[in-house]
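First comes the structure, then the notes that go with it.
The values are calculated or read from the model by the stated rules, or taken from the named source; none is laboratory data. Just so we're clear, the structure is a prediction, and the values are computed from it rather than from any experiment. Note: ideal-geometry Cβ built from the backbone for every residue, glycine included; neighbour counts use all protein chains shown. All accessible areas refer to the heavy atoms of the entire protein, side chains included, with ligands and DNA or RNA removed. Shrake-Rupley method; radii C 1.70, N 1.55, O 1.52, S 1.80 Å.
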Amino acid sequence: MAGPTSARISSRHPLSGPQSYSVRSSQGSQLALRAANPLFPCVKLSKARAVVAAAMEVSKASLGLANCQPSKDVLETWRNADAVCFDVDSTVCLDEGIDELADFCGAGQAVAEWTAKAMTGTVPFEEALSARISLIKPSLSQVEDCLEKRPPRISPGIADLIKKLKANNTEVFLVSGGFRQMIKPVAFELGIPTENIRANQLLFGTSGESAGFDPTEPTSRSGGKAVAVQQIRQDRGYKTVIMIGDGATDLEARQPSGAVLFICYAGVQMREAVAAKADWTVFDFQELIAELP
């Protein structure tokens, strides 16, 4: 594409309809997300922060997750990480990029069902990815139009967290089962170099028609994020790498030779089976910022 498309901080293009993201297991978290959104009417910043904090505490208590309070070892690892790998969809961004593209191309509902299966781990990721691309068949022009008319919405607090990590000399990577074409504007917005993106690649024919995706990318299949993180750790010589995300594929990245820690970000989507196995579950990126030196 000709150049980077601007991502947007927590706002939705007017053509895309009402906001739909939520932590589905908790009314408190839904309230918190509304308050965190700059479009939430008549809420001053200080008051909004108080609402968010209170709602998150209600959410944590109702879920009964023991790992919402990190151990000393987890905090020590977090504060001394060499690199942090972030999932993109429903973590760095508020939406699932492939679902947004599908909706834009008129295949939203069917694709969203496959996305849910992939994120909960009920079907192999490669099966879900292939099915979704077959349903969408996005052309290059459709991808470009989608990015222009529905730019990615950046999650509240993620820019501050990445800025803090970089100030601490912690390298930041984006590791996603989404597509590079849709992630590059996000990386540009957050100051992450494109060489720090590990994601899938949409393929196009000579006339810009859909030609599927590159199946050789590690992130195109189940266990692929684990492979991507292992490669990052090996290639860069890192000792401590942390994975942050919301889905089963992110949890898979926690491996002896990969991510030493998995932090579940449940501020957009709460997947309880994933959160229960995390080393630390957070609902707000401010929780992570507060624990950094």
Task: Positive-pole candidate from ILE197, SER220, LEU165, dipole of the range 136-273, charges at beta carbon - done: LEU165
Open item on the list: If each residue of separation counts as 0.36 nm, what is the full-extension length gain between GLN234 and ASN168 once their alpha-carbon separation is subtracted?
Closed with: 21.6 nm
- [ ] Starting from the Cα of LYS72, draw a straight line to each of the aspartates and glutamates and keep only those under 13 Å, dropping any in the same chain fewer than 8 residues away.
- [x] ASP279, GLU291
Task: Accessible area of the range 219-293 belonging to carbon and sulfur atoms, whole % at 1.4 Å probe - done: 46
- [ ] Compare the peptides 239-247, 149-157, 186-194 by average per-residue count of other Cβ atoms within 10 angstrom and give them in order, highest first.
- [x] 239-247, 149-157, 186-194
Task: Among PRO138, LEU174, ALA107 - extreme Cα towards positive end, dipole of the range 78-202, charges at beta-carbon - done: LEU174
Open item on the list: Using alpha carbons only, how many angstrom separate the centre of the range 270-289 from the centre of the range 116-186?
Closed with: 19
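In this model, which of LYS149/LYS225; LYS166/LYS277; LYS163/LYS277; LYS117/LYS164; LYS117/LYS277; LYS117/LYS137 are farther than 23 Å apart at the alpha-carbon?
On the way: LYS149/LYS225 29 Å; LYS166/LYS277 27 Å; LYS163/LYS277 28 Å; LYS117/LYS164 34 Å; LYS117/LYS277 18 Å; LYS117/LYS137 20 Å.
In this structure, LYS149/LYS225; LYS166/LYS277; LYS163/LYS277; LYS117/LYS164 lie more than 23 Å apart at Cα.
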